[in-house]
Amino acid sequence: GGSDPNARREDEDEADIWSFEETSRLIQTDLAKRLRTRKRQHLDAVRTFLPRIMQRQELNANSGVVMHRGDGCVVFSDASGFTKLTETLAQKADGAEVLSKCLNKFFTPLIDIIESYRGDVIKFSGDALSILFESTDDYKLSDFPCGSPDAPRKTPFQLACLRGAACCLEIHKRLHNFDTGEGGVRLTLHIGVGAGRITILQVGGEQSRFEYVIAGTPMEQIAIAEPLAGSGETVLSPQAWEEVKFTVIEGAPLEGAPDGYHRIVGLDTKQHTYPTVKQAALQCSRVERMSEKVLSESVLLDISERFIPRGVLKHLKSGNSSSINEMRSVTIIFAQIGGVDVSTEYGSRVAQQLMIGMQRACYAYEGNLNKFLVDDKGLLFLFVFGLPPLMHIDDPSRAIMACWDMVGVLKSIGLAGRFGVTTGRVFCGIVGSDVRREYTVMGDTVNLSARLMAKAEENSVLIDEATHLRSQQDVTCRKVEPFMVKGKAKLIQAYEPHAPRVHGLEVAQLGVLLDQKGWGLGNTELAVKICVPRASGKVDFKVKMPWRARSKMMGGSSPLLQMTRWRELQQLQSLIDGQAAILKVGGSLCLFGQSGGGKTELCEYLVTRAMEAGLCPLFGFMWSRPSERWRAVASLMQTCLCVHCHEPSRKTRPIDEDVEDALQKLLHGNKRLQKVLSFFGFEGFEVPGERSAVNEIGIPDAELEEGAAEILAKLVQEVSKKQPLLLVLRIRRGTDLTDSTRGRG
């Protein structure tokens, strides 16, 4: 007989169910495998941004500022020619891609040589590398860690210096006069070597971003040795020379050099050869990797990510790190701070306090801290304004303002510094190899910033002409006498920004409301008539419009308001003169649109017509900078109180008592609103400065905003009883993405 159709259908259903479950299981397995692979690839990528010594378990068990102290040989390898290469490729459409390939083609063999001698690349300084050869007892790893059985036994310190010297000499042999293959540009090397006690610190923590730095006497030594080295040469400090003088060949004496510094030209091959030293070092590294304690993946990922800029980290997580390399116009700050030895216990605490202050000053204007280094003159900071995703049209002005905030930080902890600020097109990207790399900025603009910093006086700022042209609307400067700097054939014209003044309220007790440092630019004074008690008729009153007049109607240069067929102007005129009659009846009007569309001119037209109609304009103005979130509220409070308490018999602004009496009557003892007023500096309360992101009196931001709006509404209602008003709120919206990109939102 034939088979049962029902039984056959049940078998098919079971097969379908099995097929679905099996497919689902396979998909889940494949997805889990892909996620593990992706996580592993991300870990492999981020760990290359840290030197090996920072990945050790014993170092990361210490959560303090000082992570490591020990002896070692420090090498500073500087390459010349990158600036010329960057300037050559900056004009090409694919310049960033080509430059990135040239950089990696050079750095990959360089880092391979360093690694083969057990060197550890600590820092990239543009086109230079700081390398540590740690003093460790490698006789625990190999019988002959120096590679020569007949050679005398060496101390760990001697072995580190021998490897450092051999590494430098091989780098010159293989990579000096390196052909980039672009425009005939060749890269040359000069190297300085120091030795002694080193300290590694991790400092910072603002917005979960840390910086690490190597400090100690070897850093001071290489700052002297490296400039003494000519093209293709290596110069050793007295401390390094003392450890290797019997195993290397000395070159010609150095003319005009401090005592004890020596040029070397080779190894004494009767004792050691390059291959034997290198192979012995490689063998020690292999044995060490097999026996060392390894950090868990999650811990290593957390440690690595804290030292990587957030914008770079997003690219790494997406698995597309190559797209971050670009030629970009940015503003650079080079800052040098003297008077602190961070290798000491006290100095390390000062370094932590300093880093927090510098980070806050930088991040308040949405800049980026790119480098933190130590040299013989003190601490070096490199800040960059204009890196994605935090880009602004006023980055040069932000950088200058940040410099003065940093000067305030330095003065508060008894230090002094100097600053150089430049603006221009530079290479921004990841340089190095698959083993070790960093995000850096390179170009003539970066070098010029360092030169200006060196020329600046103590606690002062020097800016280049490009920065001056882009910031002159906000910052006043003194033109300094042109001077020559290294690397430039012509005189450099620089400018010194004047120290900003504090433009606060003219009522003493209200000064903290607008505790805003600035240069007094961008204001237009308007003469209006207002009604006041105990006066017959209207009296003169001065109101400051918080931007520089743009339209010809107010004395500016823009002719837009003369274009009678301009549609938006016609619409505004209709609202004023037509049935709406907003200046007579009242109402609200919102002007919004793209930058440069004429909003300012239309606003000035409305203000002019309002003044002609007898209205008093009051202004609230806020830039897109996150540090000025309360400025619109503060400026409106100021002008409302000045109008409300104005006495024509006085030659000065209203005194404190009048303001306090007016506020007490206005609030009727409302404790909640009085607490909000205390945030803005009333009644003698100490409050955070205008730029502080910290609400120190513990009021939630939502309550502050609601309370401030309520107080303003009461003030405006009270003033409007005796004087018709035009309230102008101008909010400059830029590309500030702080909340979304830094996790505050």
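The values are calculated or read from the model by the stated rules, or taken from the named source; none is laboratory data. Remember, it's a predicted structure, so these values are computed and weren't measured experimentally. So basically every Cβ, Gly included, is an ideal-geometry build from the backbone, and we count neighbours across all protein chains shown. Surface areas here come from the heavy atoms of the whole protein model, side chains and all, with no ligands, DNA or RNA. Shrake-Rupley method; radii C 1.70, N 1.55, O 1.52, S 1.80 Å.
The GluC sites (Glu not before Pro) of segment 230-291 that DSSP puts in a loop, and whose beta carbon has at most 15 other beta carbons within 10 Å, are Glu255. Indicate the gyration tensor shape class of segment 352-506 (rounded, prolate or oblate), computed on the Cα atoms with a ≥ b ≥ c the square roots of the eigenvalues: a/c under 1.5 is rounded; otherwise a/b larger than b/c is prolate and the rest oblate. Verdict is rounded for segment 352-506. Dimensions of segment 88-187 based on its C-alpha atoms, expressed as ranges along the principal axes with the largest first, amount to 56, 23, 16 Å. Accessible area of Glu703 (1.4 Å probe, protein heavy atoms only, ligands and nucleic acids ignored): about 100 Å². Were the residues from Ser558 through Ala702 laid out at 0.36 nm apart, the gain over their Cα-Cα distance would be 47.9 nm.
Solvent-accessible surface of segment 446-490, taken per residue with a 1.4 Å probe and all protein chains present: 56 Å².
Accessible surface computed residue by residue for segment 59-183, with neighbouring protein chains in place and a 1.4 Å probe, gives 37 Å² per residue. Separation of segment 273-345 and segment 571-599, taken as the distance between their Cα centroids, equals 56 angstrom.
Summarising the label geometry, the points placed 7 Å from Cα in the beta-carbon direction at Gln41 and Glu465 lie 4.8 nm from one another. What is the mean projected area of the alpha carbon convex hull for segment 255-384, to one decimal in square nanometres? Mean projected area of the Cα convex hull: 14.9 nm². For segment 246-296, the gyration tensor built on C-alpha atoms gives an oblate shape. Its axis ratio a/c (a ≥ b ≥ c) is at least 1.5, and a/b is not larger than b/c. Using a probe radius of 1.4 angstrom, the carbon and sulfur fraction of the accessible surface of segment 250-399 is 53%. Share of carbon and sulfur in the accessible area of segment 143-187 stands at 46%, probe radius 1.4 Å.
An oblate overall shape is assigned to segment 164-251, the ratio a/c of its alpha-carbon gyration tensor axes (a ≥ b ≥ c) being 1.5 or greater and a/b not exceeding b/c. Taking 19 Å as the limit for the C-alpha separation, the pairs Lys123/Lys314; Lys455/Lys486; Lys101/Lys486 exceed it in the case of Lys123/Lys314; Lys101/Lys486.
Extension gain, Trp566 to Lys486, is 23.5 nm, computed as 0.36 nm per intervening residue step minus the present C-alpha separation. Subtracting the Cα-Cα distance of Glu297 and Arg34 from their residue separation scaled by 0.36 nm leaves 93.0 nm.
When Met391, Met637, Met554 are compared by accessible surface with a 1.4 Å probe, the order from highest to lowest is Met391, Met554, Met637.
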